[in-house]
């Protein structure tokens, strides 16, 4: 399944930082977005409003894997199921931005480029542990239902194993000496 990510450059009323980048929405891509390359990540400027700018990035493929089923389960069982978007501030943007938007993008020193989308809590946690920027974007009801169906079909929780506390395991001692008392 193919998807696109809508990134927002939001203006901030802050003396130290004038804007911040945030993933705003993950959209299904049925071919309705015009891109120059079908497989590569490609960004295009959509427009500017009073709150900031919108950029659309296409070229994201989402595959679900059986060994990530627990992470999908954790996502759909959360209060607000989410997409997880891993993005980086890029300086060399020629390979990411389409020709019509390139001049505008180069006016900035960096631009936020999403590199990966996922729906597994565990995968998002691994990316965060690796030092990547990952933001959650609320998932639509349709996508939540689709992911829940996958989880229902493929996720089987591991059976819980009871572990004896160390105090009940006993110490290593020769037979017959365990219950000796001084008389």
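Here is how the number arises for the chain: DSSP H runs of 4 or more residues each give -39500 (n - 2.57), the sum is divided by the residue count, and the result at 222 nm is -6000 deg cm²/dmol. Springs between Cα atoms under 10 Å define the GNM used for the chain, and in it the highest mean-square fluctuation of 165, 157, 15 occurs at 165. Could you work out how far helix 141-154 tilts from the main Cα principal axis of the chain, as a 0 to 90 degree angle to the nearest 10? Between helix and principal axis, roughly 40 degrees. Taking each residue as 0.36 nm, the span from residue 22 to residue 141 lengthens on full extension beyond its C-alpha to C-alpha distance by 40.7 nm.
Hey, any idea what Rg/Rh is for the stretch 35-107, computing Rh the Kirkwood way over Cα pairs? When Rh is taken as the Kirkwood radius, the ratio is 1.08. Can you grab the distance from the C-alpha centre of the stretch 109-150 to the C-alpha centre of the stretch 1-79, Å, no decimals? The stretch 109-150 and the stretch 1-79 have Cα centres separated by 9 Å. Shown is the FRET efficiency for residue 2 and residue 49, computed with R0 = 35 Å from the Cβ-Cβ distance and rounded to the nearest 0.05: 0.85.
Once the C-beta distance of residue 110 and residue 149 is scaled by a Förster radius of 41 Å, the resulting FRET efficiency is 0.55 to the nearest 0.05.
Comparing 130, 71, 52 in a Gaussian network model of the chain (Cα springs below 10 Å), the most mobile by mean-square fluctuation is 130. Length available on full extension from residue 95 to residue 70: 0.36 nm per residue minus the Cα-Cα distance, which gives 5.5 nm.
Cβ-Cβ distance of residue 10 and residue 77, R₀ of 30 Å, FRET efficiency by 1/(1 + (r/R0)^6): the value works out to about 0.50. Subtracting the Cα-Cα distance of residue 103 and residue 126 from their residue separation scaled by 0.36 nm leaves 4.8 nm. Ordering 57-65, 4-12 by mean Cβ neighbour count within 10 Å, with the highest value first, yields 4-12, 57-65.
A short reminder: the numbers here are calculations on the coordinates, not readings from a lab. Keep in mind that what you see is a predicted model, and the values were worked out from it rather than measured. Every residue, glycine among them, receives a Cβ derived from its backbone with ideal geometry; neighbour counts consider all protein chains shown.
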